[in-house]
Amino acid sequence: MPATDSLLNRLQVQGRQVYSALQAEIERMQDQLEGLRREASRWRAALQGDRRSSRTSTATKTSHTAKGRKRGAAKKTRGATKRKAARRGPTIDWDGVLKRLPKTFTGADLEKATPVLAKRPKARVMALARWSRAKAIKKVGDRTYAKK
């Protein structure tokens, strides 16, 4: 048994060495990633014409390290821009639209059934694709569809 104990001890020592090497490599890569994030932030600020943000990101370059910081807790720059909410079109009850359409209908019939989508014709195409995938309609001709 003493031979297996010494083998187990050697394996544990090697395992600790590998683990500490991996931890050191992870910390080195986190530091490198933080530097790349700061550089990306400076480029974004430069491309957006925000001078304050590029100055603050270079000032914080040496002020902190990745050690001890929780994942995702990166410092934010002062000149960060807010995203605008995406514009949404009117809410359409597509099941109701399909029920109101005749048994065989065309793209023109669909346009008449959804006049509020005059500025968003792609929504109609997406609805046709959704109905087709759901096997609710079948294409029978050029811009002509039949309900199943």
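Within the stretch 110-119, take every residue that is surrounded by 16 or more Cβ atoms within 10 Å (Cβ to Cβ) and not in a loop (DSSP other than H, G, I, E, B) and give me the one that is modelled with the lowest pLDDT.
This residue is 117.
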Return a yes/no flag: does the stretch 128-141 have any residue that is under 14 Å from residue 93 (Cβ atoms), surrounded by 11 or more Cβ atoms within 10 Å (Cβ to Cβ) and within 26 Å of the chain's Cα centre (by Cα).
yes
Tell me, please, whether a residue that is surrounded by 11 or more Cβ atoms within 10 Å (Cβ to Cβ), at pLDDT 90 or above and more than 30 Å from residue 27 (Cα to Cα) can be found in the stretch 42-49.
no
Take the residues in the stretch 120-148 that are aliphatic (A, V, I, L, M) and not in a helix (DSSP H, G or I), then tell me which one is farthest from residue 97 (Cα to Cα).
140
Take residue 35 and tell me if it is modelled with pLDDT of 60 or more, surrounded by 11 or more Cβ atoms within 10 Å (Cβ to Cβ) and closer than 30 Å to residue 114 by Cβ.
no
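The values are calculated or read from the model by the stated rules, or taken from the named source; none is laboratory data. Here the structure is a predicted model, which means the values were calculated and not measured. With ideal geometry, Cβ positions are generated from the backbone for all residues, glycine too; neighbour counts draw on all protein chains shown.
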